[in-house]
Ligand SMILES: N[C@@H](CCC(=O)N[C@@H](CS)C(=O)NCC(=O)O)C(=O)O
């Protein structure tokens, strides 16, 4: 059976992608969760992952690191990872690659922490540009392929790639446009997303680097996370 190495569900946006894809497509795997240590995490993850980062998929002796490589590895072995239609598939791969390599302002200003709600102190131009581009991409996918998922009737890897953004929308009250906002809500309501979210809120680990990064952007207006007794 596959083993998927992940970090905190509350913070780890990269871990969410393959986890959600595998859960939603019904690909069996054992989850191995190792929470972020305080400070640098390279030494913590390096015994399990060549980059010292998560996620990392283990398939017997094979280690596959980086969320995009994991998705492609799974696509060679399981149906439904990418859309069957070649046009939708080309679009889904392009949009996923764009998510993988871009949106630095969105990532930096709006770090993922599922259990908190944050009032941003400002919305810099780069953030607004990223929000506009995400909204444009979602709208385009929904219009071209008919929804309810980004590349058509079925959930696929492109939805998994943007799933962390749907949490960021909730945390930071981001507006991607009407249809895109409804899409984000629908993704958050998927059973696997609910499972991830509930587990994130039950975590009592706090990692100072992630906490500081979010507090640098705004003020907590709610914190729904469990507190260690
Ligand atoms: N491009 C990588 C990014 C992986 C990544 O940066 N993961 C974060 C956790 S969400 C991590 O391991 N951070 C630890 C570090 O940067 O030392 C992927 O797609 O898997």
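The values are calculated or read from the model by the stated rules, or taken from the named source; none is laboratory data. All values derive from a computational prediction rather than experimental measurement. Reconstructed Cβ throughout: ideal geometry from the backbone, glycine too, with neighbour counts over all protein chains shown.
To keep it simple, each residue is scored yes or no on (1) in a strand (DSSP E or B); (2) in contact with a strand residue (DSSP E or B) (Cβ under 8 Å, 6 or more places away or on another chain); (3) outside the structural domain of residue 31 (by TED's automatic domain parsing).
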residue: 171; (1), (2), (3): no, yes, yes
residue: 182; (1), (2), (3): no, no, yes
residue: 200; (1), (2), (3): no, no, yes
residue: 219; (1), (2), (3): yes, yes, yes
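Residue check: residue 188 meets all listed conditions (1) over 17 Å from the mean Cα position of the chain (by Cα); (2) modelled with pLDDT of 95 or more but one, namely (1).
Restricted to the range 37-46, and to residues that are at pLDDT 95 or above and out of contact with any helix residue (DSSP H, G or I) (no Cβ under 7 Å at 6 or more places or on another chain), which residue is farthest from residue 205 (Cα to Cα)? It comes out as 46. Among the residues making up the range 35-86, a single one is in contact (Cβ under 8 Å) with a residue 60 or more places away in the chain, within 12 Å of the ligand (Cβ to nearest atom) and exposed (fewer than 13 other Cβ atoms within 10 Å of the Cβ): 39. Which members of the range 13-32 meet the condition of being surrounded by fewer than 22 Cβ atoms within 10 Å (Cβ to Cβ) and either more than 12 Å from the ligand (Cβ to nearest atom) or assigned to a loop (DSSP other than H, G, I, E, B) (or both)? Within the range 13-32, 23, 24, 25, 26, 27, 28, 29, 30, 31, 32 qualify.
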